[in-house]
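Peer 1: The structure follows.
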Amino acid sequence: MIHLQDIRKVFNAGQPNEFVAIEGVNLTIDSHVATALKGPSGSGKTTLLSLLGCMARPTSGRITLKEREITSLPERFLTEIRRETFGMIFQQFNLIKGLTALENVMLPAYPKGEKHAALKRRAMDLLELLNLAGKALAQVEWLSGGEAQRTAIARALINNPAIVIADEPTAHLDTTLSREFMEIMRQLKKDGKTILIASHDPIVYESDVIDRIVEIRDGSIVLPGDGA
Amino acid sequence: MGAIEKQRHILDFTLSSLGRRTGKNIALVIVYALVIFLIASVLFLADALKNEAVQILQDAPEIVVQRLVAGRHDLIPTHYMESIKTIRGVQSVESRLWGYYYDPFSGANYTLMVNADLNDHPGAIIIGAGVSRRSEPGKPLQPLRKNDLIPFKTSGGEVLTLQVKGLLPAASELVTADLILVSEPDFRKLFSVPNDRATDLVLQARNTKELATIATKIAQIHPDSRPILRDDMLRTYDAVFDWRGGVILMVLSGVFFAFIILAWDKATGLSAEEKREIGILKAIGWETSDILLMKFWEGAAVSLTAFFLGIFLAYLHVFLASSLLFEPVLKGWAVLYPHFRLTPHIHIYQIAVLFFLTVIPYTVVTIVPSWRSATIDPDAAMRL
């Protein structure tokens, strides 16, 4: 589904603080598979995840999504692909303070111009699915860590993406909530979604939800798992 | 349909964004509205006063002829009228008698003017509303009424008592506040003006296009005279009110610059929270144009609210509250202060200029920094 070919990503190129985050990465991610990107802090997991999720462009190399070369696409098309294909769950949840859980969930769909009533219904359905219906009208800063996490998951799912990307999703959760998160991922995988999680938490990469572990160190893949 | 829904969603989000930063935005609207209020008040007031002056001068004589002695206005011999009448194009010539009288009791200067209707009623006067309100030091304010007597001191030192026969309508108060209409014999007695002298001459012409020519001929026949055209008077009023308006605007320019600094500060620096939000919105699929649209709505909402609030308050201030703040500067200086309401008169042109000088630049400067933030890679949100 996603294919990375000889990817290199350099930050601050040509400057004294130039930093090579990703070097010579070749990777194929198959559909309906749950993949974990494993590695220590600073190994390049987040950078690789943002490249896979069309949030950044590689300095060199090619990325294809469903046989379509996307590296050279203009920003506008990349945004559309990001919105339609990927659902993002961030390490810090990145919910917008001052808005309700419901409004946060609806946000990614705003640029699509869907009817407000229909969009609200879908958002409520997702919150119900994640046992958050009672918190729909609560401002996100009043939610517990687990509730904020589930709100972020609902937001990632609002545009019904084929691929769900999560960056260190359990970093701020206790063991129970981390296991709960993996159960939700199991359900999503069962629903046919492709799951991509960057984590160095054993609860994630040792979970039976994960089909494949890709190990990264110093910006390169040291263990590609199955399907490289 | 989708495009309208999209606009609605983004506008909804913008309004809730503004609501989340209530304190900051209310402060901004207050400062912004205050600036608009002050500037619009000056513009409205100067324009309404000029308009009043134009209305009043519409009935003014086309040419006024004064006599100058050593560069000062002096009494004009009435026989000048004979020679002026002979100038081609002059329809009528009349003499006027008017002057100022200092009333030591109230400390006010009155304008005294001869009214031909009173010539058959010597000893009678008609007074303006300001005169009727005169207060005497140490005495409670007692408005003058019909049949009250007012003592005047003639230039010879004698006392001349005149009786109030009527009051001038309050509607004309801007020009009649300090006015007293008297009969010709009383006026001449009061100021010792010889019978063959008048204060000035007024004349009407058959064709207004010939006014300048007539004025030149008068100046040729009587080199000691100064003909003044109605247009010259209008220009003087315009210049006086523009100058006064300018004085206030100069003072207000400080306020205006303070506002520019505030707007610039807001424009050049987005808060970390705002940058974070833009990053998140990009990461979850908002396009750069969606973010700019949101910021445009945000700037426009603040700007338009403040603009209309400022204009509305300025309207109330000028036309209902008699311009409490600027009264002393714009209306002039007098003891008998006119109480009046200006006729609401607003130039759409002025509103448009104010709009283009405030709302448009503000909206633009709020978009610029957002544009800078909105064009960053969305993966920055991954590292927030």
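Every read-out reported here was derived from the displayed coordinates using simple, explicitly stated rules and does not represent laboratory data. Please read all numbers here as calculations on a predicted model, not as lab measurements. No Cβ is skipped: glycine too gets one built from the backbone with ideal geometry, and neighbour counts run over all protein chains shown.
Peer 1: With the crude spin-label approximation of a point 7 Å out along Cα→Cβ, what separation in nm comes out for residue B:356 versus residue B:68?
Peer 2: My value for the distance between the label points is 4.1 nm.
Peer 1: Still on this structure, please answer the following. Could you put A:158, B:360 in order, starting from the residue whose Cβ has the fewest other Cβ atoms within 10 Å?
Peer 2: B:360, A:158
Peer 1: What is the calculated FRET efficiency for residue B:320 to residue B:271, with r their C-beta to C-beta distance and R₀ = 56 Å, to the nearest 0.05?
Peer 2: 0.90
Peer 1: Cα extents of segment B:1-133 along the three principal axes, largest first, in whole Å?
Peer 2: Here the spans come out as 84, 48, 35 Å, largest first.
Peer 1: In addition: I need the calculated FRET efficiency for the pair residue A:75 and residue B:233, taking r as the beta carbon distance and R₀ as 51 Å, to the nearest 0.05.
Peer 2: 0.20
Peer 1: I need the shape label for chain A. Rule: rounded when a/c is under 1.5, else prolate if a/b > b/c, else oblate, with a, b, c from the alpha carbon gyration tensor.
Peer 2: Here chain A falls in the prolate category.
Peer 1: If you don't mind, there's one more thing I want to ask. Relative contact order (percent) for chain B, with alpha-carbon contacts under 8 angstrom and 6 or more residues of separation?
Peer 2: Result for chain B is 28 percent.
Peer 1: Summing Lys, Arg as +1 and Asp, Glu as -1, what charge do residues with Cβ under 13 Å from the Cβ of residue A:120 carry, residue A:120 excluded?
Peer 2: -2
Peer 1: Quick one: if you stick a label point 7 Å off each Cα along the C-beta vector at residue B:365 and residue A:222, how many nm between them?
Peer 2: If labels sit at residue B:365 and residue A:222, their model points lie 5.4 nm apart.
Peer 1: Using just the alpha carbons, could you tell me how many Å³ per residue the convex hull of segment B:63-228 encloses?
Peer 2: 137 Å³
Peer 1: Calculate, in whole percent, how much of the Cα-Cα pair population of segment A:58-119 lies beyond 16 Å.
Peer 2: More than 16 Å apart: 60 percent of the Cα pairs in segment A:58-119.
Peer 1: How about segment B:148-205: which trypsin sites (Lys or Arg not before Pro) there lie in a loop by DSSP and see at most 15 other Cβ atoms within 10 Å?
Peer 2: Passing both the DSSP loop test and the Cβ count: no residue.
Peer 1: Gaussian network model of chain A, Cα springs within a sub-10 Å range: biggest mean-square fluctuation belongs to which of A:46, A:79, A:35?
Peer 2: Greatest mean-square fluctuation among the candidates belongs to A:79.
Peer 1: Give me a comma-separated list of calculated 3J(HN,Hα) values for segment B:29-38, in order, Karplus coefficients 6.51, -1.76, 1.60 applied at θ = phi - 60°, integers in Hz, x for any Gly or Pro.
Peer 2: 5, 4, 4, 4, 5, 5, 4, 4, 4, 5
Peer 1: I need the calculated FRET efficiency for the pair residue B:243 and residue B:208, taking r as the beta carbon distance and R₀ as 22 Å, to the nearest 0.05.
Peer 2: The pair residue B:243/residue B:208 has a calculated efficiency of 0.20.
Peer 1: Would you please state which residues of segment B:115-132 a label at residue B:105 would reach in this model, taking the label point 7 Å out along Cα→Cβ and a backbone N cut-off of under 12 Å?
Peer 2: B:132
Peer 1: Also: Fewest to most neighbouring Cβ within 10 Å: what's the order for B:148, A:208?
Peer 2: Starting with the residue having the fewest Cβ neighbours, the order is A:208, B:148.
Peer 1: Something else now. From the backbone phi of segment B:217-222, what are the Karplus-calculated ³J(HN,Hα) couplings (6.51 cos²θ - 1.76 cosθ + 1.60, θ = phi - 60°) in whole Hz, Gly and Pro given as x?
Peer 2: 5, 4, 5, 6, 5, 10
Peer 1: Could you state the angle between the C-alpha long axis of helix B:288-315 and the longest principal axis of the C-alpha atoms of chain B, as a value from 0 to 90 degrees rounded to the nearest 10?
Peer 2: Roughly 20 degrees between the two axes.
Peer 1: Ok, one more. Are there any chymotrypsin sites (Phe, Trp or Tyr not before Pro) in segment B:181-265 that are in a DSSP loop and have at most 11 other Cβ atoms within 10 Å? List them by number.
Peer 2: none
Peer 1: Would you mind checking A:66/A:193; A:38/A:66; A:9/A:45 for any pair whose Cα atoms are more than 20 angstrom apart?
Peer 2: A:38/A:66
Peer 1: Which three extents, in angstrom, do the Cα atoms of the protein assembly as shown have along their principal axes, listed largest first?
Peer 2: 123, 53, 46
Peer 1: Right, next: Which trypsin sites (Lys or Arg not before Pro) does segment B:8-108 hold that lie in a coil by DSSP with at most 13 other beta carbons within 10 Å?
Peer 2: B:88
Peer 1: Of all the Cα-Cα pairs you can form in chain B, what percent are over 27 Å apart?
Peer 2: Summing the P(r) tail past 27 Å for chain B gives 65 percent.
Peer 1: In Å³ and rounded to a whole number, note down the convex hull volume per residue for the Cα atoms of segment B:197-273.
Peer 2: 181 Å³
Peer 1: Right, next: May I have the pair-distance distribution P(r) for segment A:105-218, computed from all Cα-Cα distances with 10 Å bins from 0 and rounded to whole percent?
Peer 2: Percent of Cα pairs in each bin: 13, 43, 33, 10, 1.
Peer 1: Take the cross-link list A:97/B:282; A:135/B:295; A:112/B:282; A:97/B:6; B:6/B:282 and give me the ones stretching past 20 Å between alpha-carbons.
Peer 2: Beyond 20 Å between Cα atoms: A:135/B:295; A:97/B:6.
Peer 1: Then there is this: In whole Hz, with x marking every Gly and Pro, tabulate ³J(HN,Hα) for segment A:208-217 from phi via Karplus 6.51 cos²θ - 1.76 cosθ + 1.60, θ = phi - 60°.
Peer 2: With the stated coefficients, segment A:208-217 comes to 6, 5, 6, 8, 8, 10, 10, 9, 10, 8 Hz.
Peer 1: Within a 10 angstrom radius of the beta carbon, how do A:203, B:218 rank from fewest other beta carbons to most?
Peer 2: A:203, B:218
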